[in-house]
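Here is the structure we will look at.
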Amino acid sequence: MEKVSGPQRNVTTLAKQQLAHAAFNKITDMTDVVIVGAGLSGLAAAKQLFDDKHYQFKLLEAKNRVGGRTVNQQLTANNGQRHTVDGGAQWVGATHIHLQSLLKELGLSTFITPQEGETITQGEQPPQLQQELNTLRAELNRLASSLPLGSPWLAVEAHNWDNQTVQDWMLSQNYSTDAVQELDYSVQSFLAAPITEISFLYLLHYIRSAGSIEQLEILSGGAQDSLIVEGAQSISLALQKQLESHIQFDAVTKVEDHGEFCLVECQSGQLILCQSVIFAMTPTLLKNIDFSPALPPEKNSAVEQWNTSHGSIKAHVLYSRPFWREQGLSGISFIPNEVLASTFDGTRESGEAGVLTVFVNSSDAMRALSLSARRDRILRVLSELFGEQAFEAQDYVETDWQQVPYQSGCESPLHIGKLTKFKDSLQKPHGSIYFCGTELATIWTGYMEGAITSGYRAAAEVITALNQKALAEFN
Ligand SMILES: Cc1cc2nc3c(=O)[nH]c(=O)nc-3n(C[C@H](O)[C@H](O)[C@H](O)COP(=O)(O)OP(=O)(O)OC[C@H]3O[C@@H](n4cnc5c(N)ncnc54)[C@H](O)[C@@H]3O)c2cc1C
């Protein structure tokens, strides 16, 4: 058990007074704050508490690794050399300033996303379509910028926009079928869901939180600006090193909120007494937690009805060298088909082995294939795009985010009617229970930047509340 600080001492006394003797004796550990989930949001919250130095905390993670939706994977070349790739998040955006400053602090470095050479597309867009898409983007940016940042439900048109899908809105504005298809492809690349499902208000909120639709779409200067040399999970691995003694690998199953203190129950049977709890995960995963007493109705319905993601399959293929560059190709392709959605050049150091990063068409048909059959189909399509050398793969790795335990896919964009219903019910604390995670971020929601800033926000809320509590005890 950790050394008991001032505030904790009072909590222990209160718990002793309020709990039956047998219940109190079941407590296996105590701390000030329990953080649930060691993805970037939970680790960012933990780092704030660590730097603040005033409160003890524990970070509980259900999987046997930190990083959540970031994971480093290794590809092995024929010569035995290993190459790191990102199974989950990979890109650092040009305006992801909190992420960039964390990378700097942790001694991690970035490199510009390779994009020199020709990008393979379906061909030049007719000028009329280009013009229409320019108008569409300008209109989306204009409407998005009219939303109050972080409170899109307060917009004058909020209910109207939330009660139609993105596609409904486009059709009501007489956009052409080609423009609808183009926006659908673009939105699927960052929200992993079709525009027939997503609330128009949610899309505007997402654009507002990123700054503009171009920020979401472009590589250089946008969300796909750079990659982390050591791999995106290295942020979490470096934080794990700093916070080592505070991290435990155990799934939280239940939280009892007794007002002045909470009891956090884990799968292993450990029972932790604490003052505050921060949940740092996708809202839909809160369904797995038994809250006692139950969360208030508005929070509960947000948890119960938050959309789960389709998940997506991301793959990497290793070659002896980035052979596509010899043909003047960038390795980037945007030709959606039944096998692939897009490809990027995932090569880390120039002159070494080449890596193609593949966003797989995550349809039921592709999921139904065996790993080797899926790999074969992907190589066949890569050969059509980049030439016969694509068959000479030295290694292949993939992650299907629908299958990863304790995750809910990649993104969980809200369907119609939900954003105006849920509002900020989950962002707000409930008693001693706080919530964060990229879905609850104001800036760059859905991204690593959003995860980090929401973790900082939750930690600041907890520190403020505990400071006030401590002050009240002295008055
Ligand atoms: C394929 C893919 C590509 C992406 N690409 C990018 C990109 O290029 N750039 C970018 O910025 N973002 C990208 N993202 C998004 C980015 O990964 C996320 O926004 C960010 O990592 C989310 O962090 P988080 O802490 O909010 O949630 P998570 O990473 O999901 O962390 C939540 C943690 O909670 C844990 N947990 C769940 N239940 C429990 C429980 N009961 N008890 C204890 N622990 C629990 C989970 O195991 C997990 O570790 C991508 C995501 C995916 C999947």
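Data for the structure
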| read-out | value |
| --- | --- |
| Restricting the stretch 456-470 to residues that are free of Cβ contacts under 8 Å to residues at least 40 places away in the same chain and over 17 Å from SER209 (Cβ atoms), the residue that is farthest from the ligand (Cβ to nearest atom) | GLN468 |
| All strands (runs of 3 or more DSSP E) inside the stretch 81-121 with 1 or more residues being among the charged types (D, E, K, R) | 82-86, 118-120 |
| Options ALA280, ALA223, ALA179: the member that is small (Gly, Ala, Ser), within 25 Å of ILE332 (Cα to Cα) and within 23 Å of the chain's Cα centre (by Cα) | ALA223 |
| Meets criteria (outside the structural domain of ILE213 (by TED's automatic domain parsing) and either more than 13 Å from the ligand (Cβ to nearest atom) or closer than 30 Å to LEU49 by Cα (or both)) for ALA341 | no |
| Subset of the stretch 71-102 that is among the hydrophobic types (A, V, I, L, M, F, W, C) and away from the ligand (no atom under 16 Å from the Cβ) - its residue that is nearest to VAL404 (Cα to Cα) | LEU75 |
| Pairs, first farther than 19 Å from GLU260 by Cβ in the stretch 270-298, second of a type in the set (Asp, Glu) and assigned to a helix (DSSP H, G or I), C-beta under 6 Å, six or more apart | THR282/GLU439; PRO283/GLU439 |
| Long-range neighbours under 7 Å by Cβ, at least six apart or interchain, first residue outside the structural domain of PRO283 (by TED's automatic domain parsing) and under 13 Å from ARG69 (Cβ atoms) within the stretch 402-421, second more than 7 Å from the ligand (Cβ to nearest atom) and among the β-branched types (Val, Ile, Thr) | SER408/THR284; SER408/THR308; GLY409/THR308; SER412/THR284; SER412/THR308 |
| Counted residues, the stretch 397-416 - those being touching a Ser or Thr at 6+ places or on another chain (Cβ under 7 Å) and closer than 20 Å to TRP161 by Cα | 4 |
| Residue within the stretch 152-171 that is in contact (Cβ under 8 Å) with a residue 40 or more places away in the chain and closer than 28 Å to GLU124 by Cβ present | no |
| Filter result for the condition that a residue is touching a residue at least 24 places away in the same chain (Cβ under 8 Å), part of a loop (DSSP other than H, G, I, E, B) and in contact with a His (Cβ under 7 Å, 6 or more places away or on another chain), over LEU147, LEU75 | LEU147 |
| Residue check for GLY437: within 23 Å of LEU147 (Cβ to Cβ) and within 16 Å of the ligand (Cβ to nearest atom) | yes |
| Top-ranked residue in the stretch 259-295 [being part of a strand (DSSP E or B) and near the ligand (Cβ under 10 Å from one of its atoms); ranked as surrounded by the most Cβ atoms within 10 Å (Cβ to Cβ)] | ALA280 |
| Among (1) within 21 Å of the chain's Cα centre (by Cα); (2) closer than 28 Å to ILE313 by Cβ - the single one ILE443 does not satisfy | (2) |
| Scope the stretch 9-29; condition more than 19 Å from CYS266 (Cβ to Cβ) and either in contact with a His (Cβ under 9 Å, 6 or more places away or on another chain) or charged (D, E, K, R) (or both); matching residues | ARG9, LEU14, LYS16, GLN18 |
| Condition met for ALA460 (small (Gly, Ala, Ser), at pLDDT 95 or above, crowded, with 19+ Cβ neighbours inside 10 Å and part of a helix (DSSP H, G or I)) | no |
| Any chance THR453 is within 10 Å of the ligand (Cβ to nearest atom) and closer than 26 Å to ILE207 by Cα | no |
| Condition check for ALA353: over 27 Å from GLU61 (Cα atoms), touching a strand residue (DSSP E or B) at 6+ places or on another chain (Cβ under 6 Å) and small (Gly, Ala, Ser) | yes |
| Qualifying helices (runs of 4 or more DSSP H) (wholly inside the stretch 153-248; at least 2 residues being more than 14 Å from the ligand (Cβ to nearest atom) and closer than 21 Å to PRO336 by Cα) | 166-172, 177-191, 213-217 |
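To keep it simple, each residue is scored yes or no on (1) within 16 Å of the ligand (Cβ to nearest atom); (2) more than 29 Å from PHE261 (Cβ to Cβ); (3) at pLDDT 95 or above.
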position	(1), (2), (3)
PHE24	no, no, no
GLY42	yes, no, yes
ALA45	yes, no, yes
ARG69	yes, yes, yes
LYS104	no, yes, yes
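The values are calculated or read from the model by the stated rules, or taken from the named source; none is laboratory data. This structure is a prediction, so every number in the text was calculated from the model and none was measured. A quick note on method: Cβ atoms are made from the backbone with ideal geometry, for glycine too, and the neighbour counts reach across all protein chains shown.
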